[in-house]
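*Asks:* Attaching a single structure in structure tokens format; questions to follow.
Where a number appears in this text, it was derived from the coordinates with a stated rule and is not lab data. Treat the numbers as computed from the prediction; the structure is a model and nothing was measured. Neighbour counts run over all protein chains shown; Cβ positions are idealised from the backbone, glycine included.
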Amino acid sequence: MLVDRLWTEAIVGSASTGDVHRRVEALLNQVNAESPVVNWGLTNLHHLTRSPDRTPDDLIQARIAWRAEVERYQDDPSAWIRHYFEDMIRDFIESHGPEKGKAFAKKLVRAGYLRERDLPADVLD
């Protein structure tokens with residue numbers, strides 16, 4: 001997988017951080033938004049390769065976390081997507097309040113990202 005290879009190159013230093021960052025950025029400009037687990041890995045790597053304060057351990061820990069998400073996604077893509085959007089809704093509610101959160105959740109349902117029965121119970125109240 002190309003994304004995993006980019007993580008490896010950044011960790012072991014077989015490519016410069018700047019090179020990895022540019023290649024990740026190019027992929028982010030092309031990546032299919034319907035693959036949030038891939039987008040998550042790319043955006044994390046993009047952020048870390050841009051940060052002057054990151055350490056090799058930061059890269060290693062972030063890659064471990066991302067690969068765990070990839071495994072969860074591969075085990076049950078539908079459940080992973082539901083949880084992804086449920087977390088997004090909860091974060092939105094926390095930032096913008098319950099009424100705007102409900103409206104956002106309904107927008108996700110209308111767009112086909114979730115079914116109404118997939119919404120967290122606290123959103124439907």
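*Asks:* With each pseudo-label sitting 7 Å past Cα toward Cβ, what's the S95-A26 distance in nm, one decimal?
*Replies:* About 3.0 nm separates the two model spin labels.
*Asks:* Given the options G112, G18, G101, state which has the largest fluctuation in a GNM of the chain using a 10 Å cut-off (strictly under) for Cα springs.
*Replies:* Between G112, G18, G101, it is G112 that shows the largest mean-square fluctuation.
*Asks:* Determine the shape class of region 15-70: with a ≥ b ≥ c the square roots of the Cα gyration tensor eigenvalues, call it rounded for a/c under 1.5, and otherwise prolate if a/b is greater than b/c, oblate otherwise. Don't skip to the end; give the middle numbers.
*Replies:* On the way: a/c = 2.53, a/b = 1.18, b/c = 2.13.
Because a/c hits 1.5 or more and a/b fails to exceed b/c, region 15-70 counts as oblate.
*Asks:* Give me the mean projected area, in nm² to one decimal, of the convex hull enclosing the Cα positions of region 23-125. All intermediate terms of the calculation are to be shown ahead of the outcome.
*Replies:* Working: hull surface 31.3 nm².
Its average projected convex-hull area is 7.8 nm².
*Asks:* Can you give the relative contact order of the chain as a percent, counting alpha carbon pairs under 8 Å and 6+ residues apart? Walk me through the numbers before you get to the answer.
*Replies:* Numbers: 80 pairs, mean separation 21.8, N = 125.
Averaging sequence separation for qualifying contacts and normalising by length gives 17 percent for the chain.
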